[in-house]
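The values are calculated or read from the model by the stated rules, or taken from the named source; none is laboratory data. Keep in mind it's a predicted model, so treat the numbers as computed, not measured. Here Cβ is always computed from backbone atoms with ideal geometry, including for glycine, and neighbour counts include all displayed protein chains. Ligands, DNA and RNA are excluded from the accessible area calculation, which covers all protein heavy atoms including side chains. Shrake-Rupley method; radii C 1.70, N 1.55, O 1.52, S 1.80 Å.
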Amino acid sequence: MIDRDALLEKYRIERDKRLRPDGNAQYVRAATHFPQMLGDPYTPRQERAPVTDHVRFAMVGAGFAGLCTGARLAQAGITDFRLIDAGGDVGGTWYWNRYPGAQCDTASIIYMPLLEETGHIPTEKYAHAPEIQGQARKIAQTFNLYEKALFHTQVTSCTWDETASRWVIETDRGDRFTADFVGVGTGPLNVPKLPGIPGIDRFKGHQFHTSRWDYEYTGGSAEGAPMDKLAGKRVAIIGTGATAVQCVPHLARDSGHLFVFQRTPSSVDVRANEPIDPEWFKSIATPGWQTRWLENFAGNVGMGGASEDWVKDGWTDLSRRIRSRVMSLPPSEWNPVNMMKAWEMADHEKMEEIRNRAMTVVEDRKTGEALQAWYRQLCKRPCFHDAYLQAFNRPSVTLVDTDGQGVSRIDETGIWVGDAHYEVDCIIHSTGFEVGTPTEQRAGFDPVGKGGQKLSEAWEAGMRTLHGLNSVGFPNLFLVQFAQAAAFVVNVPHNWMETGTSIAAIVRHMTDHGLSTLEPDPEAQEAWVKLLLNNPGMMTNNPDCTPGYYNNEGQPMDERAKYAVGYPAGPNAFFSYMKGWRSSGEFKGLRFG
Ligand code: NDP
């Protein structure tokens, strides 16, 4: 029997230990403090002449957002398309994140987009990064998206030319080209951040961020070859989030000695990965299968109330457990207070199970205790792994638990936690990505629309869009992101496939009718934003939670954060609404010129 009050008190104590007044300011921008850590270790940069042509559609970002947009446009017959990306190939987050053990946390058959279109059959329930990046390349090849693509290219400005009714795009490679339409799909977690630990710049050994894995230094490969150069080396990893949970088992296997510096433990539930049987796959892969599976998944995790769970991954398990707890209430007790309590109890039970798992798997009692997560499951990104906790049973692995305080300082030879010094050869920063910093800082440019107004200025009082896709004052600009749209964060690529279909329908319509500009009607935009603000909001913005990027590091949210909401009736309802909206052919709320 769970003692709710005692548990909540323990959660509060653990959270309070971690609260710090500097919040997000505790991190430093790798771009300004350690630009050398942001180089591309994977692909050599090719010299090329600046590009000065015109394209129908320019897409900033060649991750799944850009690829799905390009694919849907190609399906609609719009092929004059250019991808622009700072990376050396397509893939976005899967281009950069090649750390050992990287894999998707959502089942591959719904996480990997456009499987039906490319014919790829995922090999595992949770595919590893090389296969996911392979799917990104396959999408680009299938839809001929490489032809005009510009890689290792950072967009520096994007300005609406009112006279010519087109966008002018400039880049750090000296390009200056124009486009009738621009799509922006730069992703939410694209800029690595580093902890502002005193002395971090004094370290004389080797250091890198997990999203720029230095296989030159470690040996091995993203495909899983052992990191032979780490034998005999003392390796430190700072951070124990979703990335560290996946790469620690590999570092544990290959390092002379591994020190894992922990501030807050992750909740690590069972992974149960397994190969996908191609015969089984064939049995489900009838025409339209991926859309049906996507909808089934969204119906399980996002307010859809799907009766069956086909995907059966960690996320559907989590949602169905909560829902069945809530639904087990007698109808006479259905009210918001009781429902929240039922949800809370389901959460407490699951977290007890996960904490017990740490104690069962980890042989050393003190280490097992230190790996127990004391917060509600959705306070931080839930993790799933069957080798992470086990790694701490190796004599060559030391968990350095900082009791919520983090690393104290770094010097020439290693890491300090309080009075203890750990001498190491290498420090790997598994410290995540910028969240809550200005969008234009993360994207590297700030679109300039009608009348010379910047997007950041137009949104000074909060984001304003129609369908999360277009914004008044920024003609022919498509925002490929999920706020003010489905806000479906559990299976992000589902958003991109749907958004791509809407963009393609709009551009096709304009092409067929000789229309050159589009912009939301200001009243329609206001009505949309008003409708969305009725959304109760994500519970993860909870100040009771342990600090992290989900809740602005425990600091009060900026007023403007409330605009980052989703469609009140949930993702499937949004996707279905948009399907009706675009197939009516009226595109209500948009003004064409
Ligand atoms: P996170 O931001 O989740 O984790 C950063 C880690 O660094 C935390 O454990 C944090 O501790 C720790 N840290 C920060 N500063 C210090 C310090 N001074 N001393 C010690 N520790 C410190 O980054 P990740 O890269 O792990 O994950 C980011 C996101 O990327 C995930 O939430 C997920 O959305 C996505 N991701 C998805 C994957 C997938 O789907 N397969 C795999 C990996 C990542 P604290 O918690 O106390 O702040």
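Is it the case that some residue within the stretch 556-572 is open to solvent by 50 Å² or more (accessible area, probe 1.4 Å), within 29 Å of the chain's Cα centre (by Cα) and among the hydroxyl-bearing types (Ser, Thr, Tyr)? Looking for residues that are open to solvent by 50 Å² or more (accessible area, probe 1.4 Å), within 29 Å of the chain's Cα centre (by Cα) and among the hydroxyl-bearing types (Ser, Thr, Tyr), one finds none in the stretch 556-572, hence no. The set of residues from the stretch 77-100 being among the small types (Gly, Ala, Ser) and either buried (at least 21 other Cβ atoms within 10 Å of the Cβ) or modelled with pLDDT under 95 (or both) comprises 86, 87, 91, 92.
Of the residues in the stretch 352-362, at least one is part of a loop (DSSP other than H, G, I, E, B) and over 30 Å from residue 92 (Cα atoms). Across the stretch 378-400, the qualifying residues are those that are polar (S, T, N, Q) and in contact with a His (Cβ under 9 Å, 6 or more places away or on another chain), and the one among them that is nearest to the ligand (Cβ to nearest atom) is 398.
Can you find a residue that is over 24 Å from the mean Cα position of the chain (by Cα), exposed (fewer than 15 other Cβ atoms within 10 Å of the Cβ) and modelled with pLDDT of 95 or more anywhere in the stretch 106-125? Yes, the conditions are met somewhere in the stretch 106-125. Filtered by the rule that a residue be open to solvent by less than 20 Å² (accessible area, probe 1.4 Å) and more than 9 Å from the ligand (Cβ to nearest atom), the stretch 401-410 gives a lone residue, 410.
Could you tell me whether any residue of the stretch 132-141 is in the same structural domain as residue 388 (by TED's automatic domain parsing) and within 16 Å of the ligand (Cβ to nearest atom)? Taking every residue of the stretch 132-141 in turn, none turns out to be in the same structural domain as residue 388 (by TED's automatic domain parsing) and within 16 Å of the ligand (Cβ to nearest atom). Restricting attention to the stretch 191-230, the residues that are surrounded by fewer than 20 Cβ atoms within 10 Å (Cβ to Cβ), polar (S, T, N, Q) and within 16 Å of the ligand (Cβ to nearest atom) total 0. For residue 482, the test of being in a loop (DSSP other than H, G, I, E, B), of a type outside the set (Lys, Arg) and under 20 Å from residue 531 (Cα atoms) is passed.
The conditions of being open to solvent by 40 Å² or more (accessible area, probe 1.4 Å) and within 18 Å of residue 85 (Cα to Cα) are met by residue 35. Would you confirm, using the coordinates I've provided, whether residue 441 is assigned by TED's automatic domain parsing to the domain that holds residue 171 and either at pLDDT 95 or above or under 30 Å from residue 459 (Cα atoms) (or both)? Spelling it out, residue 441 is indeed assigned by TED's automatic domain parsing to the domain that holds residue 171 and either at pLDDT 95 or above or under 30 Å from residue 459 (Cα atoms) (or both).
No other residue among 268, 248 is in contact with a Cys (Cβ under 6 Å, 6 or more places away or on another chain) and either modelled with pLDDT of 95 or more or open to solvent by 30 Å² or more (accessible area, probe 1.4 Å) (or both) apart from 268.
Every condition in (1) at pLDDT 95 or above; (2) more than 27 Å from the chain's Cα centre (by Cα) holds for residue 201 except the one numbered (1).
Residues that are open to solvent by 50 Å² or more (accessible area, probe 1.4 Å) and touching a Gly at 6+ places or on another chain (Cβ under 9 Å) within the stretch 412-427 comprise 412, 413, 416, 421, 422, 423, 425, listed in sequence order. Filter the stretch 13-22 down to the residues that are surrounded by 14 or more Cβ atoms within 10 Å (Cβ to Cβ) and either part of a helix (DSSP H, G or I) or in the same structural domain as residue 548 (by TED's automatic domain parsing) (or both) and list them by number. Residues satisfying the conditions are 14, 15, 17, 18.
Of all residues in the stretch 493-534, those being of a type in the set (A, V, I, L, M, F, W, C), in a helix (DSSP H, G or I) and open to solvent by 40 Å² or more (accessible area, probe 1.4 Å) number 2. Looking across the stretch 94-128, the residues that are more than 17 Å from residue 311 (Cα to Cα) and away from the ligand (no atom under 13 Å from the Cβ) come down to 95, 117, 118, 119, 120. Only one entry of 71, 6, 65, 25 meets the criterion of being touching a residue at least 12 places away in the same chain (Cβ under 8 Å), surrounded by fewer than 13 Cβ atoms within 10 Å (Cβ to Cβ) and in a helix (DSSP H, G or I), and that entry is 25. Taken over the stretch 446-473, the criterion of being within 22 Å of residue 68 (Cα to Cα) and either in a loop (DSSP other than H, G, I, E, B) or of a type in the set (D, E, K, R) (or both) is satisfied by 447, 465, 467, 468, 469, 471. Residues considered: 85, 89, 16. Of these, the only one that is more than 21 Å from residue 132 (Cα to Cα) and either among the acidic types (Asp, Glu) or without any contact (Cβ under 8 Å) to a residue 40 or more places away in the chain (or both) is 16. Here is the figure for the stretch 403-423: residues that are part of a loop (DSSP other than H, G, I, E, B), over 23 Å from residue 374 (Cβ atoms) and β-branched (Val, Ile, Thr) total 1. When each of 175, 161 is tested for being modelled with pLDDT of 95 or more, under 26 Å from residue 440 (Cα atoms) and touching a strand residue (DSSP E or B) at 6+ places or on another chain (Cβ under 6 Å), the lone residue that passes is 161. Do the conditions hold for residue 157, that is, is it more than 16 Å from the ligand (Cβ to nearest atom), on the phi > 0 side of the Ramachandran plot and surrounded by fewer than 23 Cβ atoms within 10 Å (Cβ to Cβ)? No, not satisfied.
Restricting the stretch 428-452 to residues that are β-branched (Val, Ile, Thr) and closer than 19 Å to residue 34 by Cα, the residue that is surrounded by the most Cβ atoms within 10 Å (Cβ to Cβ) is 428.
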